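The values are calculated or read from the model by the stated rules, or taken from the named source; none is laboratory data. Everything numeric in this text was worked out from a predicted model, so none of it was measured. All Cβ positions, even for glycine, are placed from backbone atoms using ideal geometry, and neighbour counts span all protein chains on display.
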Amino acid sequence: MPFVTTYPAGWTVERLQGVSSAPQDKDRGVREIARWEGADGSAVIAVSCSWLMQPAPHLDALLKEVLDGYHRALEGQDLALDVGASKSMRIGGRDALMMDVRALKEDKPIFNQKIAVTLTEECVISATFAGTSKAFDQQADTFASFLNGIRFR
């Protein structure tokens, strides 16, 4: 793996080949998915490394690409996305951008999500955190610690 992560007790972690489950994506990178289940719902942290194609894209373009993917994935599910403005931040000591997203159905929140992107020498890093409202709030510090603690090889 081109990155090293740690999670607190209670998270189940799965490391996978490919940036998605699609067969054509198997050789395009690697990803890791961590899940947490609690009495108040569930939360997921996913991080992927997509092998970098030159020239390196700008972080704004990367964040837009990830968001466009979410829009495509939610098509036909009768959900609206409430997208916040992007904010500069750091992931594992690297410059990054992050935005908040809420999925709504009939104006009621279904889940909350944070999407963050950064670049390393070898890949585009996309990190997402999603969960039901209570679980999202309960585990927000875990995601912040995850972003600060991720190390790139």
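Output the residues belonging to the stretch 43-72 that are of a type in the set (A, V, I, L, M) and farther than 18 Å from residue 123 by Cβ.
43, 44, 67
With the structure loaded, tell me whether residue 32 is surrounded by fewer than 11 Cβ atoms within 10 Å (Cβ to Cβ) and touching a residue at least 12 places away in the same chain (Cβ under 8 Å) or whether it fails that test.
Here the answer is no, as residue 32 does not meet what is asked.
Here's the yes/no breakdown for (1) on the phi < 0 side of the Ramachandran plot; (2) at pLDDT 90 or above:
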site	(1), (2)
41	no, yes
54	yes, no
61	yes, no
91	yes, yes
103	yes, no
108	yes, no
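Can you find even one residue in the stretch 71-81 that is among the aliphatic types (A, V, I, L, M), surrounded by fewer than 20 Cβ atoms within 10 Å (Cβ to Cβ), farther than 26 Å from residue 41 by Cβ and touching a strand residue (DSSP E or B) at 6+ places or on another chain (Cβ under 8 Å)?
No, there is no match, as no residue in the stretch 71-81 is among the aliphatic types (A, V, I, L, M), surrounded by fewer than 20 Cβ atoms within 10 Å (Cβ to Cβ), farther than 26 Å from residue 41 by Cβ and touching a strand residue (DSSP E or B) at 6+ places or on another chain (Cβ under 8 Å).
Can you report the number of residues in the stretch 9-29 which are surrounded by 17 or more Cβ atoms within 10 Å (Cβ to Cβ) and at positive phi?
The total comes to 2.
Could you check residue 100 against (1) touching a residue at least 60 places away in the same chain (Cβ under 8 Å); (2) within 27 Å of residue 6 (Cβ to Cβ) and say which number it fails?
With respect to (1) touching a residue at least 60 places away in the same chain (Cβ under 8 Å); (2) within 27 Å of residue 6 (Cβ to Cβ), residue 100 is out only on (1).
Please verify whether the stretch 10-17 includes one or more residues that are of a type in the set (Ser, Thr, Tyr) and touching a Phe, Trp or Tyr at 6+ places or on another chain (Cβ under 9 Å).
yes
If you go through the stretch 57-70, how many residues are surrounded by 14 or more Cβ atoms within 10 Å (Cβ to Cβ) and of a type outside the set (Lys, Arg)?
8
For the stretch 36-45: of the residues being of a type in the set (Gly, Ala, Ser) and buried (at least 17 other Cβ atoms within 10 Å of the Cβ), which is farthest from residue 147 (Cα to Cα)?
For the stretch 36-45, the residue satisfying everything is 41.
Given the conditions (1) more than 22 Å from residue 31 (Cα to Cα); (2) at pLDDT 90 or above; (3) among the hydrophobic types (A, V, I, L, M, F, W, C); (4) buried (at least 16 other Cβ atoms within 10 Å of the Cβ), and given that residue 85 satisfies all but one, which numbered condition is not satisfied?
(4)
Yes/no per residue for (1) touching a residue at least 24 places away in the same chain (Cβ under 8 Å); (2) under 24 Å from residue 13 (Cβ atoms); (3) within 15 Å of the chain's Cα centre (by Cα):
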position: 50; (1), (2), (3): yes, yes, yes
position: 64; (1), (2), (3): no, no, yes
position: 95; (1), (2), (3): yes, no, no
position: 110; (1), (2), (3): yes, no, no
position: 118; (1), (2), (3): yes, yes, yes
position: 123; (1), (2), (3): yes, yes, yes
position: 127; (1), (2), (3): yes, yes, yes
position: 153; (1), (2), (3): yes, yes, no
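Among the strands (runs of 3 or more DSSP E) confined wholly to the stretch 1-118, which include 2 or more residues that are β-branched (Val, Ile, Thr)?
11-17, 29-38, 41-51
Which of the residues spanning the stretch 123-153 are acidic (Asp, Glu) and surrounded by 14 or more Cβ atoms within 10 Å (Cβ to Cβ)?
137 - this is the single residue of the stretch 123-153 that is acidic (Asp, Glu) and surrounded by 14 or more Cβ atoms within 10 Å (Cβ to Cβ).
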